[in-house]
């Protein structure tokens, strides 16, 4: 039986203190590009993982200058067949692996979902793919996840902040060929069955954009054409998958207008959409930053909505 929103929020608030426990990283890691990223580039980069947490705090690692894009796999003890690709944020200048990646992956794995956390390349690091290097990585990643998932099960994509922009690119640009096929996985669709966008960067328009993400992706003075092309609310079509949105009204980094615009675009395209707007939470709250607030219900809300989409698809007899 589905829990209602109030029950989910109450359960999340009660469970919040459990986030502080340290857990080892999974040993299973899947490189995206066995022979190196498409087109090469990135010369002189030195990948570095920085621990930003103070002693006694939960891990808060961020990776800069990514040269080895990969998937870290969280396998459940009792898999239900479903899989989720997670793209953490970091303003397109770093990838925040713990609070927007590993913590959500552990939550989903505890519910039977095989979760894959994506470490993706960054757009201003000199790759041949340029600003589409992250899109190459997320397209390749979703295909690898789909190849490892039973055809009868659902594959979702979940993105946070700049990772939300990357996931929004995935759901609007999944038909675009951004790299030459590597193996059989690249014959599979890059469209996730459902998507979740958590306080996402959506717009590149100056009045609503996250300035850092815009600069890293498009440079200091982007053209009007590039601004429009990478504002993902302008790219939505009816082919986009069902999409879930979360944003806090007091987000001072990525204005809530990003999600409001995406929600309106999805609604215009008649794409199944659920949105939750919270009064407080700020930006980048992940799980730990929402503890004690209604936004702490975000993981439960997303998981319950996703499973409803699965049930609806199965009831309609769709593949």
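Limited to the range 91-120, what total is found for residues that are in contact with a strand residue (DSSP E or B) (Cβ under 8 Å, 6 or more places away or on another chain) and either under 24 Å from residue 306 (Cβ atoms) or surrounded by 24 or more Cβ atoms within 10 Å (Cβ to Cβ) (or both)?
The total comes to 20.
Would you say residue 74 is touching a strand residue (DSSP E or B) at 6+ places or on another chain (Cβ under 9 Å), farther than 19 Å from residue 183 by Cβ and without any contact (Cβ under 8 Å) to a residue 60 or more places away in the chain?
Here the answer is yes, as residue 74 does meet what is asked.
Does residue 303 satisfy the criteria of being out of contact with any helix residue (DSSP H, G or I) (no Cβ under 6 Å at 6 or more places or on another chain) and closer than 24 Å to residue 81 by Cα?
The answer is yes for residue 303.
Could you check the range 57-75 and list, in sequence order, the residues that are in a loop (DSSP other than H, G, I, E, B) and touching a helix residue (DSSP H, G or I) at 6+ places or on another chain (Cβ under 9 Å)?
Selection gives 57, 58, 59, 60, 66, 69, 75.
Every residue in the range 244-275 that is in contact with a helix residue (DSSP H, G or I) (Cβ under 9 Å, 6 or more places away or on another chain) and in contact (Cβ under 8 Å) with a residue 40 or more places away in the chain, please.
Of everything in the range 244-275, those that are in contact with a helix residue (DSSP H, G or I) (Cβ under 9 Å, 6 or more places away or on another chain) and in contact (Cβ under 8 Å) with a residue 40 or more places away in the chain turn out to be 244, 245, 246, 247, 248, 251, 253, 254, 258, 259, 261, 262.
Could you pull out the residue among 173, 177 that is farther than 17 Å from residue 273 by Cβ and free of Cβ contacts under 8 Å to residues at least 12 places away in the same chain?
177
Does at least one position in the range 301-310 carry a residue that is more than 29 Å from residue 189 (Cβ to Cβ) and in contact with a strand residue (DSSP E or B) (Cβ under 9 Å, 6 or more places away or on another chain)?
No, every residue in the range 301-310 fails to be more than 29 Å from residue 189 (Cβ to Cβ) and in contact with a strand residue (DSSP E or B) (Cβ under 9 Å, 6 or more places away or on another chain).
We did not get these values from a lab; they are worked out from the coordinates using the rules stated. In this text, all values refer to a predicted model and were calculated from it rather than measured experimentally. For neighbour counting, all protein chains shown are included, and Cβ atoms are generated from backbone atoms with ideal geometry for every residue, glycine included.
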